[in-house]
Protein chains: 4
Amino acid sequence: MIKAAIIGASGYAGGDLVRILHRHPEVEITCLTDRTNPGMKFSEVYPAFRERCDLELETAEPAEVAKRADVVFTAVPHKTAMALVPDLLDGGCKVVDLSADYRLHDAAVYETWYQEHTSPELLPEAVYGLPEVYREQIAKARLVANPGCYPTSAVLPLIPLMEKGLIQADSLIVDSKSGTTGAGRKAGTATLFCEVNEGFKAYGVGSHRHTPEIEQVLGEASGSAVQVNFTPHLLPINRGILSTIYAQPTKKVALAEVLALLNQSYADAPFVRVLPEGQLPNVAYVKGSNYCDIGAVVDPRTGRIILVSAIDNLMKGASGQAVQNMNLMYGFNETLGLDITPLAP
Amino acid sequence: MIKAAIIGASGYAGGDLVRILHRHPEVEITCLTDRTNPGMKFSEVYPAFRERCDLELETAEPAEVAKRADVVFTAVPHKTAMALVPDLLDGGCKVVDLSADYRLHDAAVYETWYQEHTSPELLPEAVYGLPEVYREQIAKARLVANPGCYPTSAVLPLIPLMEKGLIQADSLIVDSKSGTTGAGRKAGTATLFCEVNEGFKAYGVGSHRHTPEIEQVLGEASGSAVQVNFTPHLLPINRGILSTIYAQPTKKVALAEVLALLNQSYADAPFVRVLPEGQLPNVAYVKGSNYCDIGAVVDPRTGRIILVSAIDNLMKGASGQAVQNMNLMYGFNETLGLDITPLAP
Amino acid sequence: MIKAAIIGASGYAGGDLVRILHRHPEVEITCLTDRTNPGMKFSEVYPAFRERCDLELETAEPAEVAKRADVVFTAVPHKTAMALVPDLLDGGCKVVDLSADYRLHDAAVYETWYQEHTSPELLPEAVYGLPEVYREQIAKARLVANPGCYPTSAVLPLIPLMEKGLIQADSLIVDSKSGTTGAGRKAGTATLFCEVNEGFKAYGVGSHRHTPEIEQVLGEASGSAVQVNFTPHLLPINRGILSTIYAQPTKKVALAEVLALLNQSYADAPFVRVLPEGQLPNVAYVKGSNYCDIGAVVDPRTGRIILVSAIDNLMKGASGQAVQNMNLMYGFNETLGLDITPLAP
Amino acid sequence: MIKAAIIGASGYAGGDLVRILHRHPEVEITCLTDRTNPGMKFSEVYPAFRERCDLELETAEPAEVAKRADVVFTAVPHKTAMALVPDLLDGGCKVVDLSADYRLHDAAVYETWYQEHTSPELLPEAVYGLPEVYREQIAKARLVANPGCYPTSAVLPLIPLMEKGLIQADSLIVDSKSGTTGAGRKAGTATLFCEVNEGFKAYGVGSHRHTPEIEQVLGEASGSAVQVNFTPHLLPINRGILSTIYAQPTKKVALAEVLALLNQSYADAPFVRVLPEGQLPNVAYVKGSNYCDIGAVVDPRTGRIILVSAIDNLMKGASGQAVQNMNLMYGFNETLGLDITPLAP
């Protein structure tokens, strides 16, 4: 039994961390912090949790949090995270950071897309928390940088093909569509119900900060630099990311070959479901679960490979993956606390 | 470990039965039947279940089903159910019937609102499966008539007050609003996405078949005949029923008294959450779970008691309650398999 | 051709005023004010209006606005309105006030439900802008208090019956459900997409400020004091209010009689559609239009009359009705600019 | 004043044709046919039209329809249309066909993607009804093949660039997302509310029948054969298509150049709105209107041009464009009956 703290518990990712951890057989939640609703019960912010998790939200400093927890989940925005993580590590905790602050290995790249990095000395030891690829490093890590939601959906379908050199590195287009929990729980006009409902738009075209993260992971898989066109869109649903990925193969390739590679790569991955020929993912079928569903098509006319992936952005795209990482870091079964059937409809 | 069969597994209630039972620690699903998609895997009808429940849908006759199961859930429409249940009981099974066929004690009332009853001889032994009220009878029952979704939401808030004689029997108005899974999974123009989305309507006003069921349960609680005005509405959401209930008290009553009665009645009910003064339910906060949330207001000007309840119509309103009944019938802990946190957002 | 100004143009009601007025054949919009986005074009706040209305949002004071307009629509919150209206009237304008500030005739009642009234001297001349009832007074008015959205939906079905003494005054229950534009366009956590979507709740039970407004109008219709139980709910749709109204008749009444009364009362009302027996309203069928659809049922068992009405809360519930009032105030055809087919689906 | 008939009036495109035409100043609707609800009033199928269009739905044969109309809109599925159109033309009518039957110039291509063509002799005279490109031919046409919804959204942004030879013909990827009215009004499980709501999926990947139509139009614009990857997706909204289009330029190109080309091409197109740099379309901002909004980005790193377009699939994607074509065919102002502000929110 380990003790876990969540910093930033009232955001949507924080909420799902509690949803998983308060029933995790090896975890006791000892501390929830939140600066916007201090003193409130967690179940007052999220009434769904009445009688399930009535812990009080605190404003404890990192050093204090560290004393009360073995593992800390930092579910806060980038920049805020790197102001906390060094103290948490110094306090002897393991950390799963859900922000972007430790995902990019190269501080210079980070500073190009975000802002100055205040603890670049931690970057070399931070492990990118994509268990399907970095399982062994995660198991030994003290600091895991939990992947972004879009990158998770973008790289899982591509990695097996990139590793085999099957994809032209400059051909990649990732067209992603995310549910609105991805925009967070902060009040704002643009995410009001009436502004999102019955609407659909692209945003951050050519400039979204998840782009270098996708490129870093795919570059490592393929062994050379990769550039992608990444376009996020906002879906009028609560949860889910569907990514439609276009890739030009380096040689003519059959669908059976693509599916075989995916199946082989993910044979031991409990949360990746590779769909058979003729079937494609729907975000509805992974809602509330930690699955990443992957389907593939090879266009008979253009020869392009089209990959489609679906995740729940708060689960495999954030909190579910964070707990999967924690499980690995503590030697628990990877699926502990995460054996959740999607809620559909 | 008991063996369970579900007849009508491809409907929405059937789907949620599988969602609960395939992870229930004391249950093995041995048979799923469905006449519309025979031969398909359950996970082809509900792709959310890929790699979780890949059982084949069968068209087995009741006698055959009875041989392979200890308990059978009949998740089929009224009339269809009563054509199956006698054979299932004869085959030695216990039955939880999710249809309306065995809910009304009086065959004549049934025949007024539905059609001829073909097995009225079973009505005396059928137990109305509302565990919060009939827990002991359910524990001994061979045939449980699982309550309707609307009645569950209507009667749970009222029963404690009716039992105390606090409510004028002829004053009751139940204004209910249900998510669209309540309309079932049958193809039809009226439940197409574009017909329901951005819409809201009342239907079955003054004539909905759940009316006599509500009246029967409340009549038993109060000890005399009760008539209600029941109005259902269709909500453009997947899951959830919110009932707003108006009742004239027999004497001036304070909110504190109402809440105390509710709290006392449901102190040992694991799935009823009585909200404190000033808080009211939202269907979002029970989604996917077996909870019934209840809030109350006493109008300071008119003196009326206004009760508001929220359930997930497929869970506490159907499949969750059915499993709760099964747990009682087999002496399992009432919450086994049902300890599910609502999924919000 | 008259000149119109809208104060508070960037709210949802302001937006619909522009939608109607920028194509009204007798109106020129000369001034749009907004304190939150000064200097922006209206079409930058509402991109739907690109190339249709690119006027700049101003912060002009009332005296200045009055110089540039014949009629001013104040689409601002209560309290804000009464700080502007006296100056607008002094400046020689006619005013249609969409706030609550001039709806209640009795300043004491206003002050019980809202706060101190700063221009009670205007209350005697303010006309309640429900054209179906007060058409002649509106035609002569300098100041029209545009009705609340909920009251419009509640009183139109009831007035013909109240006028005939058909309803027991203490039996009235109004159970209303509103789309989320009713909550306005102000940033806030509670109206974020993910908090509203897939949810449904009651709010303001027994305490909503539209209650005294409903009671005032019904009291005038019936000739004696009326008390109602009014319960609003929040619907996960953009536009629409559906009110389900329960009334005990003073004597046994047939549905045909109720429908005949409604049809007779609204024979000359271009925006009220009384539905034939067996048909009930749906908010989808009035979306974007100025219609109020009304259906009725008489419960054969309890004898209660159940009335169901549907309006678009931004149209007949706010901006459409405001323009209808303006048409009457200037002697235009009542339907000018408002002959809009509902957009369904 | 011309007489118009609509064949297939009870589908969603039929409904929007009535919405436009029943208020069109130069049109009288003389005949609505529908085989699924014969004898019903149009306003019984679409209650939004109560008191606005109460015409009866008929089952008249084409020859009979032709006698009563000058122009006929065939809003029926492909194959059904070509069984009617020859008779309508023989009867002396002009025809705007909303099906796919006369869109492809080459019967062989049609037969590859659809089925045998039964009136290939009409293909040479059929004009592809995209007014922004084929305005003059449409004005003289007897038979206009109204474009598909997806193709309209795909080709309008690309044509100006293809005409200038700016795009590598084999680089085109069109990732489109459509509201659910695009799936029609036929009962079916896959388009039930609960199957679509809170979901999102791709379908017809690499095989959708709108692909050859896109390629034909772009081929004509560029002067040589074009192949695209076209991927449609299903959005949980009623109306709207957003297409995100990826194109590799033949030479380095600046965004200003792209926008200038678009602005120049569509300077006289009343329904195309080219957005300024930094702004991108949202389907919400064209809802209910005939606009096509277009935005553009040039990715500074990959050099790709990304175009985003938004239309209402029932308006510019079907019925609005059909009336725009009719206006041209009869020498009316192109915007007659179509000067509709989008309904947002």
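The values are calculated or read from the model by the stated rules, or taken from the named source; none is laboratory data. Predicted, not measured: the structure shown is a model, and the values here were computed from it. Don't worry about glycine lacking a Cβ; one is built from the backbone with ideal geometry, like all the others, and counts go over all protein chains shown. Accessible surface areas use protein heavy atoms only, side chains included; no ligands, DNA or RNA. Shrake-Rupley method; radii C 1.70, N 1.55, O 1.52, S 1.80 Å.
Highest mobility in the GNM of chain B, judged by mean-square fluctuation with C-alpha springs under 10 Å and restricted to B:VAL308, B:VAL27, B:VAL283, is found for B:VAL27.
Rounded, prolate or oblate: pick one for segment C:126-167, where a ≥ b ≥ c are the square roots of the eigenvalues of its C-alpha gyration tensor, a/c under 1.5 means rounded, and failing that, prolate if a/b is larger than b/c, else oblate. Note, shape of segment C:126-167 comes out oblate. Accessible surface for segment D:149-313, divided over its residues, is 27 Å² per residue with a 1.4 Å probe. For the segment B:204-212, counting C-beta atoms of other chains within 10 Å of every residue's C-beta and taking the mean gives 3. Normalised by the number of residues in segment A:115-164, the mean separation of alpha-carbon contacts (under 8 Å, six or more apart) gives a relative contact order of 29 percent. Accessible surface buried by the B/D pair amounts to about 1600 Å², both sides summed, 1.4 Å probe. In terms of its C-alpha gyration tensor, segment D:257-310 comes out oblate, because a/c is 1.5 or above while a/b does not outweigh b/c.
Using the Cβ-Cβ distance between C:THR189 and C:GLU61 with R0 set to 25 Å, the FRET efficiency from 1/(1 + (r/R0)^6) comes to roughly 0.15.
When only alpha carbons are used to place a centre, segment A:1-60 and segment D:1-30 end up 57 Å from one another. Element breakdown for the protein assembly as shown at a 1.4 angstrom probe: carbon and sulfur atoms account for 49% of the accessible area. The angle between the Cα long axis of helix C:319-329 and the longest principal axis of the Cα atoms of chain C comes to about 80 degrees, rounded to the nearest 10. Averaged over peptide B:133-143, the number of partner chain Cβ atoms lying within 10 Å of each residue's Cβ comes to 0. With the convex hull drawn over the C-alpha atoms of chain D, the volume per residue is 133 Å³. Our coupling estimate for segment B:170-187, obtained by passing each phi through the Karplus curve with A = 6.51, B = -1.76, C = 1.60 and θ = phi - 60°, is 8, 9, 7, 10, 10, 9, 10, 10, 10, x, 7, 4, x, 8, x, 10, 6, 4 Hz, Gly and Pro reported as x. Here the Karplus relation 6.51 cos²θ - 1.76 cosθ + 1.60, evaluated at θ = phi - 60°, turns the backbone of segment B:142-148 into coupling constants of 9, 10, 10, 8, 5, x, x Hz, with x for every Gly and Pro.
Counting only protein heavy atoms and using a 1.4 Å probe, the accessible area of C:ASP90 comes to about 130 Å².
A straight line joining the Cα centroids of segment D:275-336 and segment A:86-102 runs 48 Å. Against the longest principal axis of chain B, how steep is helix B:211-222, in degrees 0 to 90 to the nearest 10, with axes from Cα atoms? For B:211-222 against chain B, the angle is about 60 degrees.
Estimated from helical segments only, the mean residue ellipticity of chain C at 222 nm is -8000 deg cm²/dmol, where each DSSP H run of four or more residues counts as -39500 (n - 2.57). Stretching the chain fully between A:SER224 and A:TYR330 yields a gain of 34.9 nm (0.36 nm per residue, less the alpha carbon separation). Relative contact order for chain C: 17 percent, from Cα pairs under 8 Å spaced at least 6 residues apart, divided by residue count. Measuring from each Cβ of chain B to the axis carrying B onto A, the nearest residue and its distance in whole Å come out as B:LEU343, 3.
Sparsely packed loop sites in segment A:85-167 (the trypsin sites (Lys or Arg not before Pro) outside DSSP H, G, I, E and B with at most 16 other Cβ atoms within 10 Å) comprise A:ARG142, A:LYS164. Separation of segment D:163-193 from segment D:198-219 is 5 Å, based on Cα centroids. The mean count of C-beta atoms from other chains within 10 Å of the C-beta of residues in D:290-299, rounded to a whole number, is 3.
Between C:ALA169, C:ALA225, C:ALA318, the GNM of chain C built on Cα springs shorter than 10 angstrom shows C:ALA225 fluctuating the most.
Panel note: contact residues of segment A:319-345 (accessible area lowered by at least 10 Å² against the chain on its own; 1.4 Å probe) correspond to A:ASP339, A:THR341, A:PRO342, A:LEU343, A:ALA344, A:PRO345. Please give me the summed charge of the neighbours of B:GLU132: other residues whose Cβ is under 15 Å from its Cβ, Lys and Arg +1, Asp and Glu -1. Around B:GLU132, the charge tally is -3.
Expressed as an acute angle from 0 to 90° and rounded to the nearest 10, what is the orientation of the C-alpha long axis of helix C:12-21 relative to the principal long axis of chain C? Between helix and principal axis, roughly 80 degrees. The residues of segment C:54-148 have, on average, 41 Å² of accessible surface per residue, using a 1.4 Å probe with all protein chains present. Going by a ≥ b ≥ c, the root eigenvalues of the Cα gyration tensor, does segment B:126-252 fall in the rounded group (a/c under 1.5), the prolate group (a/b larger than b/c) or the oblate group? Note, shape of segment B:126-252 comes out oblate. Each 20 Å bin from zero up to the one holding the largest Cα-Cα distance in the protein assembly as shown carries the following percent of pairs: 10, 37, 39, 14, 0.
Taking all protein chains together, C:VAL196, A:VAL109 sort by accessible area into A:VAL109, C:VAL196, largest first [probe 1.4 Å].
Can you give the relative contact order of segment C:149-313 as a percent, counting alpha carbon pairs under 8 Å and 6+ residues apart? The normalised contact order for segment C:149-313 reaches 30 percent. Take A:MET40, push a point 7 Å out from Cα through the beta-carbon direction, and compare it with the same point in every other copy: 2.6, 4.3, 4.7 nm, smallest first. Distances between equivalent label points of C:ALA254 across the copies, with each point positioned 7 Å along Cα→Cβ, amount to 5.1, 7.7, 8.1 nm, shortest listed first.
Residues whose amide H lies under 5 Å from that of B:LYS287, counting only those 5 or more places away or on a different chain, are B:LEU343; hydrogens are built 1.01 Å from N in the peptide plane. Remark: segment C:149-313 carries a charge dipole of roughly 240 debye about the Cα centre, counting +1 on each Lys and Arg Cβ and -1 on each Asp and Glu Cβ. Among D:LYS41, D:LYS67, D:LYS79, the largest mean-square fluctuation in a Gaussian network model of chain D (Cα springs under 10 Å) belongs to D:LYS67. Exposed loop sites here are GluC sites (Glu not before Pro) assigned a DSSP state other than H, G, I, E or B and surrounded by at most 16 other beta carbons within 10 Å; excluding them, the longest clear run of chain D is D:126-276.
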